[in-house]
1. Please enumerate the residues belonging to region 94-123 that are over 14 Å from Ser158 (Cβ atoms), of a type outside the set (S, T, N, Q) and modelled with pLDDT of 80 or more.
2. Here are some conditions: (1) without any contact (Cβ under 8 Å) to a residue 12 or more places away in the chain; (2) over 30 Å from Thr14 (Cα atoms). Met33 meets all but one. Which one does it not meet?
3. In region 71-111, how many are touching a Lys or Arg at 6+ places or on another chain (Cβ under 7 Å) and either aliphatic (A, V, I, L, M) or over 30 Å from Glu212 (Cβ atoms) (or both)?
4. Limited to region 205-249, what total is found for residues that are in a strand (DSSP E or B), surrounded by 12 or more Cβ atoms within 10 Å (Cβ to Cβ) and among the charged types (D, E, K, R)?
5. Go through region 105-121 and give me each residue that's surrounded by 14 or more Cβ atoms within 10 Å (Cβ to Cβ) and more than 23 Å from Lys139 (Cβ to Cβ).
6. Name the residues in region 65-88 that are within 15 Å of Thr17 (Cβ to Cβ) and either at pLDDT below 80 or surrounded by 14 or more Cβ atoms within 10 Å (Cβ to Cβ) (or both), would you?
7. From (1) surrounded by 14 or more Cβ atoms within 10 Å (Cβ to Cβ); (2) under 30 Å from Ala15 (Cα atoms); (3) in contact (Cβ under 8 Å) with a residue 12 or more places away in the chain; (4) under 21 Å from the mean Cα position of the chain (by Cα), pick out the condition that doesn't hold for Lys97.
8. Show the residue pairs that are 6+ apart or on different chains and have beta-carbon atoms under 6 Å apart, the first residue being within region 179-207 and at pLDDT 85 or above, the second being crowded, with 18+ Cβ neighbours inside 10 Å and small (Gly, Ala, Ser).
Amino acid sequence: TIKKLMDSISGDKTAQTLEEWRGFQSGIERKMMSSEDEIEFYEKNDTCSTCNQELGEEHKSKMIAEHHGLMHESGVALLKLGHKIVDLESRLVQVSKVQTAITTNQNQIQAITSYITKLKDQIEKIKEREDDIDEKIQKLKDLKSELKSCLEKREKLSIQKQLYETAYVLLKDTGIKTRIIKQYLPIMNKLINKYLASMDFFVSFNLDEKFEEKIKSRHRDEFTYDSFSEGEKMRIDLALLFTWRTIAKMKNSVN
């Protein structure tokens, strides 16, 4: 349910992990600066600043080499940690966008549901009235048509909500973005086109590494999602939903 999903989002420790990694990053940087200071000291001084004893060249060379080694190790660790932080920051942005989309989608569904209830009440009231029969019939037709439109819109939003929820579950795992791009993206594109073809919608649909779609017709003309009819958009949404579910099952079976 939406409540469970939102509770899961609020309980996500990604932000806490990011803060901890940034702390480690600062610690490594301080360690590197300390090694730099030590190297500079041994390069410029011949006497120990603490005990005033003379520092031999062999000892100085040994300490300089040791701190150079520490700086190298710290630099490698800092680079690896930096990549992890960038990936985690990117995932946090995506999770935040999905969270916003889920909330917006749920609000729209609730608004449409309330309006559907209102329309049904109006239909019942018209049935109970004893005014002009032709006017009543026309009013009923109009309301039922509007009701049908709202029901279809709610159904479409429900499908989109499932897409967002499935996407969030995948994105919530650490490192899943990289794994999706390297392992699942080619499979996803193949599945999406397979499901579209099964619904007699023959276009070439491809997601790139930024998850932006590129849609081409048989004649290789490019289209955008918004250029399609509501029925065609519904088929695209369903193909994406079926694909997300399949990928989620594949991921769970691997885990």
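1. Matches in region 94-123: Lys97, Tyr115, Lys118, Leu119, Lys120, Asp121.
2. (2)
3. Residues in region 71-111 being touching a Lys or Arg at 6+ places or on another chain (Cβ under 7 Å) and either aliphatic (A, V, I, L, M) or over 30 Å from Glu212 (Cβ atoms) (or both): 5 in total.
4. Selection size over region 205-249: 3.
5. Selection gives Asn105, Gln106, Gln108, Ile109.
6. Leu81, Lys84, Ile85, Asp87, Leu88
7. Against the list (1) surrounded by 14 or more Cβ atoms within 10 Å (Cβ to Cβ); (2) under 30 Å from Ala15 (Cα atoms); (3) in contact (Cβ under 8 Å) with a residue 12 or more places away in the chain; (4) under 21 Å from the mean Cα position of the chain (by Cα), Lys97 comes up short only on (3).
8. Between residues of region 179-207 that are at pLDDT 85 or above and residues that are crowded, with 18+ Cβ neighbours inside 10 Å and small (Gly, Ala, Ser), the close pairs are Ile192/Ala239; Tyr195/Ala239; Leu196/Ala239.
The values are calculated or read from the model by the stated rules, or taken from the named source; none is laboratory data. Computed from a prediction, not measured in an experiment: that's the story for all the values here. No Cβ is skipped: glycine too gets one built from the backbone with ideal geometry, and neighbour counts run over all protein chains shown.
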